[in-house]
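Structure first, commentary second.
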Amino acid sequence: MPTHTNTNTTAAPNKTGLLIATSLTLFSMFFGAGNLIFPPIMGANAGTSFPWAMTGFLIGAVALPVLSIITIALSGTDLRDLASRGGRVFGIVFPGLVYLSIGAFYALPRTGAVSFSTAIAPLTGWSSSLASTLFNIVFFAVALFLSWNPRSIIDSLGKVLTPLLLALLVLLVFLSLANLPASSSAPTAAYASAPLTSGLLDGYMTMDSIAALAFGIVVVTSLGRPGGGIGAKMVRRTSVTALIAGALLALVYIGLGLIGHVMPGGQQYTDGASLLADAAQMTIGWPGQVVFGLIVLTACMTTAVGLIAATSEFFHRLLPVVSYRAWMAAFTAISFVLAAAGLNSVLAIAVPIITFLYPIAITVVAITLVTHPLRLVTPALWAFRLGTWMAAAWSAATTLAQVGAASEAIGPVLSWSPGQALQLGWIVPTALAFVVGLGADLAVARRAA
């Protein structure tokens, strides 16, 4: 009996520790440079509408990513499992575009480029192509080393880098709010007329809703589920992990938003990086620049490690003939080349693709959650397919119109939908397609019964 008791006593803390470490890891993978610089500039521009704008931001940058992680746990081990209900082609093309867009062709090289331009160059004065190349060699070599073993990510991120990142963020937020004079300006532009929607779109553009679909595979792997059936215990543990990470994200976003809100002349800044850098210097002096540089570097490194691991794990499952570590090496090499060469040409291609993917990603998550309680009645295949196909078609048309391709012909067709001017026009037609599909599914289920 004593042995049995001691075993349980030891096991419980280990499980709790694993959940906490995995939550910290998930937080660190979400929290990259973009997440650092969006909230303060929003806080400055929102002015007196800050509470509403921040509420919208938290919906887009916290609630949606948390729901995306839970959705992965409900449906399977990775995004391909989740998207497979949309058909064979959709189940491969959509996940592939998601992983490539937030991986080697955009978000991953961006971590190296942003680290150099925001954390290294201002402190050292280095700005040459040679300096950028040498820095990115070191940056991506470290990221590759930390992600080499997927099960060691919890140790390298959740137990080391993330606590460092959180400590630096707390220091910056506390000193800024304590030392900067309170100020409250009138909201600018869209924040005056639609602060909630504007904040939602700001949070929406952090890319975390898409990234969550990719990072879900890391969470379920870290929690000890290599594959197979869906278990209620795994869903519960994944949900707790996502909620803890989401709570940390929310607290950090509110703190960073408040820095922008109280920063003197905050609305004169065009980007959050400059605002935070000046806030750090005003409150701590030259050491503040060092602290800010460490925050940016740590945030970018944790995101890079998570992206390398998640992307390589997905493509290894898609094409097992190529090993996980071979994928890692390939994606790291591509990211290094793009980061060292500059991202302007990549951004021109990547931004429209990301804009195209967002409505589809949100639709996939929403339909999965809504139809999950009906899983014993109907697989809801047509509800999923018609909804996601409509979201994809509408988003593709919107993206084409935005880049100037056949905009005169497409624009009038799209303009009938409410919210199209706010990039939310896909919601109504997608909902209608979902309802039609669900009706067909329930009719089939009744006939079968």
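The values are calculated or read from the model by the stated rules, or taken from the named source; none is laboratory data. All figures in this text were calculated on a predicted structure; none of them were measured in a lab. All Cβ positions, even for glycine, are placed from backbone atoms using ideal geometry, and neighbour counts span all protein chains on display. The accessibility values were calculated without ligands, DNA or RNA, using every heavy atom of the protein model including side chains. Shrake-Rupley method; radii C 1.70, N 1.55, O 1.52, S 1.80 Å.
Does the range 36-48 hold any residues that are open to solvent by 20 Å² or more (accessible area, probe 1.4 Å) and not aromatic (Phe, Trp, Tyr), and which are they?
37, 41, 45, 48
Scan the range 184-206 residue by residue and report those that are surrounded by fewer than 14 Cβ atoms within 10 Å (Cβ to Cβ) and in a loop (DSSP other than H, G, I, E, B).
184, 186, 189
Filter the range 91-120 for residues that are within 14 Å of residue 309 (Cα to Cα) and either in contact with a His (Cβ under 7 Å, 6 or more places away or on another chain) or of a type in the set (A, V, I, L, M) (or both) and give the result.
Correct list: 100, 102, 104, 107, 108.
Scan the range 68-99 residue by residue and report those that are open to solvent by 30 Å² or more (accessible area, probe 1.4 Å) and without any contact (Cβ under 8 Å) to a residue 24 or more places away in the chain.
Residues satisfying the conditions are 81, 84, 88, 89, 93.
What number of residues in the range 271-282 are modelled with pLDDT of 85 or more and either hydroxyl-bearing (Ser, Thr, Tyr) or surrounded by fewer than 19 Cβ atoms within 10 Å (Cβ to Cβ) (or both)?
Adding up the residues that qualify gives 2.
For the condition modelled with pLDDT of 85 or more, in the same structural domain as residue 129 (by the TED database) and open to solvent by 20 Å² or more (accessible area, probe 1.4 Å), what is the one hit in 309, 333?
Numbers: 309 fails: open to solvent by 20 Å² or more (accessible area, probe 1.4 Å).
Within the list 309, 333, the selection yields 333.
Being assigned to a helix (DSSP H, G or I), in contact with an Asp or Glu (Cβ under 8 Å, 6 or more places away or on another chain) and either over 17 Å from residue 239 (Cα atoms) or of a type outside the set (A, V, I, L, M) (or both) is the requirement here; does residue 95 meet it? Give the steps one after another, and end with the answer.
Numbers: assigned to a helix (DSSP H, G or I): yes; in contact with an Asp or Glu (Cβ under 8 Å, 6 or more places away or on another chain): yes; either over 17 Å from residue 239 (Cα atoms) or of a type outside the set (A, V, I, L, M) (or both): yes.
The answer is yes for residue 95.
For the subset of the range 259-269 comprising residues that are touching a helix residue (DSSP H, G or I) at 6+ places or on another chain (Cβ under 6 Å) and assigned to a helix (DSSP H, G or I), which member is farthest from residue 22 (Cα to Cα)?
Looking at residues that are touching a helix residue (DSSP H, G or I) at 6+ places or on another chain (Cβ under 6 Å) and assigned to a helix (DSSP H, G or I), I get 267.
Mind checking whether some residue in the range 372-385 is among the polar types (S, T, N, Q), open to solvent by less than 80 Å² (accessible area, probe 1.4 Å), more than 21 Å from residue 63 (Cβ to Cβ) and within 28 Å of the chain's Cα centre (by Cα)?
Checked against the condition, which is being among the polar types (S, T, N, Q), open to solvent by less than 80 Å² (accessible area, probe 1.4 Å), more than 21 Å from residue 63 (Cβ to Cβ) and within 28 Å of the chain's Cα centre (by Cα), the range 372-385 yields no hits at all.
If we keep just the residues of the range 280-295 that are in a helix (DSSP H, G or I) and of a type outside the set (A, V, I, L, M), which is farthest from residue 125 (Cα to Cα)?
Checking each candidate, the answer is 283.
Here are 250, 245: which of them is part of a helix (DSSP H, G or I) and surrounded by fewer than 21 Cβ atoms within 10 Å (Cβ to Cβ)?
250
Take the range 120-144 and flag every residue that is free of Cβ contacts under 8 Å to residues at least 24 places away in the same chain, among the aromatic types (Phe, Trp, Tyr) and either on the phi > 0 side of the Ramachandran plot or surrounded by 17 or more Cβ atoms within 10 Å (Cβ to Cβ) (or both).
Scanning the range 120-144 gives a single hit, 135.
Consider residue 432 carefully, then state whether it is aliphatic (A, V, I, L, M) and either more than 15 Å from residue 389 (Cβ to Cβ) or assigned by the TED database to the domain that holds residue 190 (or both). Give the steps one after another, and end with the answer.
Numbers: aliphatic (A, V, I, L, M): yes; either more than 15 Å from residue 389 (Cβ to Cβ) or assigned by the TED database to the domain that holds residue 190 (or both): no.
The answer is no for residue 432.
Please go through the range 416-444 and pick out each residue that is open to solvent by 50 Å² or more (accessible area, probe 1.4 Å) and over 22 Å from residue 361 (Cα atoms).
Listed by number, the residues that qualify are 416, 442, 444.
What is the residue count in the range 391-415 for residues that are among the hydroxyl-bearing types (Ser, Thr, Tyr) and crowded, with 17+ Cβ neighbours inside 10 Å?
Matching residues across the range 391-415 total 3.
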